[in-house]
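Asker: Here it is: the structure, laid out below.
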Amino acid sequence: MDRLLAAEQLRKALQMLAATLADEKALEIATVFPVWAPDQYYAAGAVISYGTNPVGDPQLYKVAQAHMSQSIYPPGSGTESLYTAFGLDDSGYPIWAQPSGAHDAYNKGDVVNYGGTLYESLIDGNVWAPDVYSAGWKAVSGGTVAPDPGPDPDPGATEYPDWVQPSGAHDAYNTGDIVRYNGVLYRSKIDGNTWAPDAYPAGWEEVAV
């Protein structure tokens, strides 16, 4: 009994340590993570496994929001708001996962699978999904960058993300970031900008389109 208790304690300790690893490191020890089960409470940020990925290893998911699991809503298609998959697709490209800060943001040239389509990041420090900030991504075909369609004929048609209240320095706006706020585009003039344009006008400048 003591041996079983010690083994269980060791397993939990390994899971706690594994939860602090970056996604790419977590994939190296995927079998350490608990398998998803219904009627369990999962905290936001927890890592679990469910099913297998294209190479036969356990598919890992990061819990996007704390919740009690239900048998009719397992990780996978249709439950992206609860579980964020990370790993590789059938072609070996990483599946897009929401970065938690600058340390795991996508950089220029990174290619990811998002919703079944490959996208290449056009900027460094890219924390937006391709359908949230389309100017930061370019669709690619078969792993090859698609031809550049040329400059946007209508700058006003470029999609920029709506301003969202940052929760801290990790997702604050930096110099040059452009957002849409109350229908107007603004460019941040400072790094670590956590204020709305109307709350701290000196930190923003209006962008003409």
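Asker: Can you compute the label reach from Ala169? Point 7 Å from Cα along the Cβ direction, backbone N cut-off under 15 Å, restricted to the stretch 179-209.
Answerer: What the label zone holds, given the 15 Å backbone N cut-off, is 191-194.
Asker: Could you sort 70-76, 37-43, 107-113, 120-126 so that the peptide with the highest average Cβ count within 10 Å comes first and the rest follow in order? Don't skip to the end; give the middle numbers.
Answerer: Working: 70-76: 13.7, 37-43: 12.1, 107-113: 15.6, 120-126: 17.1.
Top to bottom by mean Cβ count within 10 Å: 120-126, 107-113, 70-76, 37-43.
Asker: Next question. How much accessible area per residue does the stretch 59-135 have, in Å², with a 1.4 Å probe?
Answerer: Per residue, the stretch 59-135 has 51 Å² of solvent-accessible surface.
Asker: If packing is taken as the average number of other Cβ atoms within 10 Å across a peptide's residues, how do 130-137, 165-172 rank, most packed first?
Answerer: Highest-to-lowest ranking by the protection proxy: 130-137, 165-172.
Asker: I've got another one for you. Would you mind telling me the share, in percent, of accessible area of the stretch 164-206 contributed by carbon and sulfur at probe 1.4 angstrom?
Answerer: Working: 1180 of 2460 Å².
Result for the stretch 164-206: 48 percent of the exposed heavy-atom area is carbon or sulfur.
Asker: Show the residues, 5+ positions off or on another chain, whose built amide H is closer than 5 Å to the amide H of Gln40.
Answerer: Counting only residues 5 or more places away or on other chains, the set is Ser69.
The values are calculated or read from the model by the stated rules, or taken from the named source; none is laboratory data. Bear in mind that the values here come from a model prediction, so they are computed numbers and not experimental data. Counting neighbours? That spans all protein chains shown, and the Cβs are built from the backbone with ideal geometry, glycine included. Heavy atoms of the whole protein, side chains included, go into the accessibility calculation; ligands, DNA and RNA do not. Shrake-Rupley method; radii C 1.70, N 1.55, O 1.52, S 1.80 Å.
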